[in-house]
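For reference, the structure discussed in these notes is given below.
We did not get these values from a lab; they are worked out from the coordinates using the rules stated. Bear in mind that the values here come from a model prediction, so they are computed numbers and not experimental data. Quick reminder, even Gly has a Cβ in these numbers, built from the backbone with ideal geometry, and neighbours come from all protein chains shown.
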Amino acid sequence: MRIYEKNGKKYLSVTSLVDLRYPFDNSGFTMWAWEHGYDPMWINKLSTDLGTRYHAYIENRFHKISDWADEIVDDKDRKYHEAVDKFFNDGWEILDSEVEVFNDDWNYAGRFDFLGQNKRLGIERAILDCKTYGAWKGSKYKRDKKKLEKLSMQLTLYSDAIGHKGKMLGVMLDGTGEYTLEKIDRDDGVWDWLREKRNEIVKLLQEKNG
């Protein structure tokens with residue numbers, strides 16, 4: 001569980017809440033990896049490293065340092081870099097990046113990827129989350145209902161924390177040099193779930209305080 005702190009108050013992270021509601025089947029993943037000849041620890045490390053780097057490609061464009069700061073390691077990297085270039089060439093602009101938010105009503109906090117706009121598409125303000133599902137394989141993006149449910153919860157919590165009523169979008173980069181925009185619907189059921197879990201969440205925060 002990850003904890004944020006502000007003015008002496010502790011908040012459970014959005015990603016921790018998502019994991020609490022949608023726990024990762026680590027044993028199932030481990031079994032699948034070994035059955036297919038992969039070391040699960042290698043997949044996890046590579047996925048983390050690649051996801052961080054691919055996210056940095058967009059971040060560097062926002063800070064106007066992409067011409068020297070991007071670390072392109074191999075052909076797989078190059079394809080993801082092409083996907084990022086295509087995203088910007090299609091008219092997307094980043095308005096803000098790595099925004100930290102706090103919600104005092106529900107005691108959660110987090111940091112979302114981007115606020116963006118695309119005048120060509122008539123989008124003045126959208127909350128964006130960059131994903132590289134399956135980056136370690138360098139394959140084409142495939143829609144996964146469970147992953148989109150998790151992203152819906154994640155972006156709904158971020159949006160509520162900043163009072164954002166507009167579009168929520170997933171930017172799905174893939175290893176073919178393309179990207180897919182996923183329109184993410186709001187997760188209206190998350191509030192009932194938070195009410196049910198309120199005591200458990202408070203307990204988790206108290207344990208961290210201890």
With point charges of +1 on the Cβ of Lys and Arg and -1 on the Cβ of Asp and Glu, referenced to the Cα centre of the chain, which listed residue (PHE24, SER139, TYR57) lies farthest in the positive direction of the dipole? PHE24
Treating the beta-carbon of each Lys and Arg as +1 and of each Asp and Glu as -1, no other charges, what is the dipole magnitude of the chain about its Cα centre, to the nearest 20 debye? 420 debye
Candidate aspartates and glutamates - alpha carbon under 18 Å from LYS145, same-chain residues fewer than 8 apart omitted: ASP19, ASP25, ASP129, ASP174, GLU182, ASP185, ASP187, ASP188
Exposure proxy check on TRP92, TRP32: fewest-to-most Cβ neighbours within 10 Å is TRP32, TRP92
Going by how many other Cβ atoms sit within 10 Å of their own, how do ILE65, ILE58 line up, fewest first? ILE65, ILE58
Which lysines have a Cα less than 29 Å from the Cα of LYS203, not counting those fewer than 8 places away in the same chain? LYS6, LYS9, LYS10, LYS146, LYS147, LYS150
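How do HIS55, HIS36, HIS164, HIS63 rank when sorted from fewest to most other Cβ atoms within 10 Å of their own Cβ? Kindly include the intermediate steps, with their values, before the conclusion.
Working: HIS55 21, HIS36 8, HIS164 18, HIS63 12.
Taking fewest neighbouring Cβ atoms as first place, the list is HIS36, HIS63, HIS164, HIS55.
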Determine, at each q value in 0.13, 0.27, 0.29 (inverse angstroms), the log₁₀ of I(q)/I(0) that the Debye formula gives when each Cα of the range 4-57 is one equal point scatterer. -0.54, -1.00, -1.01
Could you work out the per residue convex hull volume over the alpha carbons of the range 3-209, in cubic angstrom? 142 Å³
